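These notes are about the structure you will find just below.
The values are calculated or read from the model by the stated rules, or taken from the named source; none is laboratory data. What you see is a predicted model, and the numbers here were worked out from it, not measured in a lab. Virtual Cβ from ideal backbone geometry, glycine too; neighbours counted across all protein chains shown.
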Amino acid sequence: MSTTYATLSARLGEAFDSLLPGADPALRSSDRADFQANGVMALAKSLGRPPREVAQDVINAVHLDGVAELAVAGPGFLNVTVHEEFLNHQLRAALADERLGAVPTAAAKRVVIDYSSPNVAKEMHVGHLRGTIIGDALARLYRFAGHEVIARNHVGDWGTPFGMLIEHLVDLGQDGADATLSIADLDGFYRDARHAFDGDEAMRERSRARVVALQSGDPETRRLWGILFERSVNYISDVYAKLNVTLRREDVVGESYYNDSLAGVVRDLDALGLLVDSDGARCVFPPGFTNRLGEPLPLIVQKRDEGFGYAATDLAALRDRVEVLRANELIYVVGAPQAQHFEMIFAVARRAGWLSDSVHCEHVAFGHVLGTDHKMLKSRQGESVKLAALLAEAVERAYVALDERATVATNERYDLARAIALGAIKYADLSTERQHDYVFDLDRMVSFEGNTGPYLQYAHARVASIFRRAPEGYSSEVHFTLSTPPERALALALLAWPEAVAGALESHQPHRLCTYLFDLAQRFATFYDVCPVLKAPPSLRDERLALCDLSARALAQGLSLLGIDAPTQM
Ligand code: ARG
């Protein structure tokens, strides 16, 4: 089944094409008609003819019988009014389709999505929230579209800090199989280790030796490292479960995984003649990258002390994803400050021939989370806010809000509060254009009014409540007449669902789906205010119940693609 928009766009496209090959009808939704085609202006300009005349030519050429009517408007726009019978047909098809008309892709790709990627042996803080939530929404959107997703949680589990952390573990006597190292206070552990390291030359000496032992594969050191790693992974898995994020344990493929491939990266870059010695460090200077003084910028592959850094690991990871995992697409959901790092990684990988043009690579960047003072969000103690604390506070607020409404039985309030809190946090994050910073304001996020997660969840719960009062549902022979403007407006939004989902995926902008869902919920609210449903005469009641059903399904599926639950009662 082709969507309403796709059908109109294709037929108009043919007509435009017949007047000038490749001309774009620029079909948009409209508040004057159902849609409008704005492409006539550009076409008329190219043809050097009066727009209204060209618009008439389009009308004469187009094949829209049984689909829609065109009318010239203003200086040369085309208003599109879809035929009632066509809308009826499209709505009935959507009703019969679990995916509401969104067709899975015919060209499934294998996509590696690198996201969340916290550093182990540290608690996850608010800085990890966006990468985790946006990455997970994208993973869900890709899967829904029919692509194969391989998630890669590129955790920071290697490198110099581990020498210090392992020595601290030993000092605490937590180096045995029965170690009880508290994962609840990873930050405390890290802080104490850092403190000991800074204050004690002998500790620093031991730590340095430990890093060497770690990187050269000393078994006892690897075992100790494993204790830290295990505890950390248990801890982050716990956070993901609380966040309802789809990352699994086997998706944790951190920096350590690539340790054995790093030497090969250097060797191969060297053989290609791409390595330059710069102050003892081995670097690649990809063309086109310069610093503020216009000097070429190095990507440091091996440091002066022979150690490999972040960049070498990312090059090894990229090769693994292309050569071993055979991915067609590589997505990196990482904060905007790393934009240059990824540009350079991609550029070097292309020069080295590890990345062909057939593999799409993209850094999906996002901005910061700010406090209500518009500065980087910090706790009262001036530290970064821990994710667990943030979640707990949101649940608390949602609980209080539910308590005030008192619409839900007390014993169900806690679970519901959790769903609302998560919905609130995720939606606030996803509904902002990701490149922008956003203000973390719990009061606003958990509000049931405005463009918020709870508002959408509530809209969904409201529809669900209608069906509780009409358990018999509606006839499968339902016919859509769309006799009032709010019904027609709602129907058009429902039919636009496939484009909304596809648009969010193609642009890697989940906020587009949020905007769509908010608009849909508002249209539903208007419809529900104006059009009686349960009290309508039988055939109208069927039609309106079917519109309710489609609305509930679009909201629930949309929210689920954002990783947000849609409770049936609120
Ligand atoms: N662990 C890194 C950090 O905290 C993020 C890793 C992102 N992914 C990557 N492939 N570099 O900044």
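D251 meets each of the listed conditions (1) without any contact (Cβ under 8 Å) to a residue 60 or more places away in the chain; (2) within 29 Å of the chain's Cα centre (by Cα) apart from (1). When E499, E412, E477, E449 are checked against the criterion of being at pLDDT below 95, within 29 Å of V82 (Cβ to Cβ) and not basic (K, R), E477 stands alone in meeting it.
Among the residues of the stretch 317-333, how many are within 13 Å of the ligand (Cβ to nearest atom) and surrounded by 22 or more Cβ atoms within 10 Å (Cβ to Cβ)? Number satisfying all stated conditions: 7. Scanning the stretch 536-564 for residues that are of a type in the set (D, E, K, R) and closer than 15 Å to T484 by Cβ returns R541, E543, R544.
Here is a yes/no grid of residues against (1) touching a residue at least 12 places away in the same chain (Cβ under 8 Å); (2) under 30 Å from A139 (Cβ atoms):
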site: R304; (1), (2): yes, no
site: G307; (1), (2): yes, no
site: D314; (1), (2): yes, yes
site: V324; (1), (2): no, yes
site: Q340; (1), (2): yes, yes
site: M344; (1), (2): yes, yes
site: R350; (1), (2): no, yes
site: H368; (1), (2): yes, yes
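Looking only at residues in the stretch 512-564 that are touching a Lys or Arg at 6+ places or on another chain (Cβ under 9 Å) and not hydrophobic (A, V, I, L, M, F, W, C), the one that is nearest to L495 (Cα to Cα) is S551.
Based on this model, can you work out whether A389 counts as surrounded by fewer than 17 Cβ atoms within 10 Å (Cβ to Cβ), more than 19 Å from the chain's Cα centre (by Cα) and closer than 17 Å to T132 by Cβ? It is true that A389 is surrounded by fewer than 17 Cβ atoms within 10 Å (Cβ to Cβ), more than 19 Å from the chain's Cα centre (by Cα) and closer than 17 Å to T132 by Cβ.
Results for (1) in a loop (DSSP other than H, G, I, E, B); (2) under 36 Å from the mean Cα position of the chain (by Cα); (3) within 16 Å of the ligand (Cβ to nearest atom), shown as yes or no for each residue.
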{"site": "D270", "(1), (2), (3)": "no, no, no"}
{"site": "L274", "(1), (2), (3)": "yes, yes, no"}
{"site": "C283", "(1), (2), (3)": "no, yes, no"}
{"site": "G294", "(1), (2), (3)": "yes, yes, no"}
{"site": "I300", "(1), (2), (3)": "no, yes, yes"}
{"site": "R304", "(1), (2), (3)": "yes, no, no"}
{"site": "A312", "(1), (2), (3)": "no, yes, yes"}
{"site": "L315", "(1), (2), (3)": "no, yes, yes"}
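Only residues that are more than 13 Å from the ligand (Cβ to nearest atom) and assigned to a helix (DSSP H, G or I) were counted across the stretch 344-363, and they come to 4. Scanning the stretch 430-477 for residues that are aliphatic (A, V, I, L, M) and surrounded by 20 or more Cβ atoms within 10 Å (Cβ to Cβ) gives L430, M445, V446, L456, A459, A461, V463. Within the stretch 334-343, the set of residues being more than 22 Å from A151 (Cβ to Cβ) and within 12 Å of the ligand (Cβ to nearest atom) comprises P337 only. Can you find a residue that is among the polar types (S, T, N, Q), part of a loop (DSSP other than H, G, I, E, B) and either under 25 Å from the mean Cα position of the chain (by Cα) or exposed (fewer than 15 other Cβ atoms within 10 Å of the Cβ) (or both) anywhere in the stretch 402-419? The answer is yes; a qualifying residue exists. Within the stretch 224-250, the set of residues being closer than 14 Å to R152 by Cβ and charged (D, E, K, R) comprises R248, R249, E250.
For the residues F144, F162, the requirement of being outside any loop (DSSP other than H, G, I, E, B), within 16 Å of the ligand (Cβ to nearest atom), touching a residue at least 12 places away in the same chain (Cβ under 8 Å) and out of contact with any strand residue (DSSP E or B) (no Cβ under 8 Å at 6 or more places or on another chain) singles out F162. Quick one: would you say F480 is crowded, with 19+ Cβ neighbours inside 10 Å and touching a Pro at 6+ places or on another chain (Cβ under 6 Å)? So F480 does not fit the description; no. Within the stretch 123-165, the residues that satisfy the criterion of being surrounded by fewer than 20 Cβ atoms within 10 Å (Cβ to Cβ) and basic (K, R) are R140, R143.
Of everything listed in (1) among the small types (G, A, S); (2) in contact with a strand residue (DSSP E or B) (Cβ under 9 Å, 6 or more places away or on another chain); (3) in contact (Cβ under 8 Å) with a residue 40 or more places away in the chain, the single unmet condition for A401 is (2). Among residues of the stretch 201-225 that are within 21 Å of G254 (Cβ to Cβ), those with a beta-carbon under 7 Å from a residue that is at pLDDT below 95 and not in a helix (DSSP H, G or I) at least six positions away or on a different chain give the pairs V211/T160; L224/D175.
If only residues of the stretch 7-24 that are under 24 Å from A93 (Cβ atoms) and in contact (Cβ under 8 Å) with a residue 40 or more places away in the chain are counted, the one that is surrounded by the most Cβ atoms within 10 Å (Cβ to Cβ) is L12.
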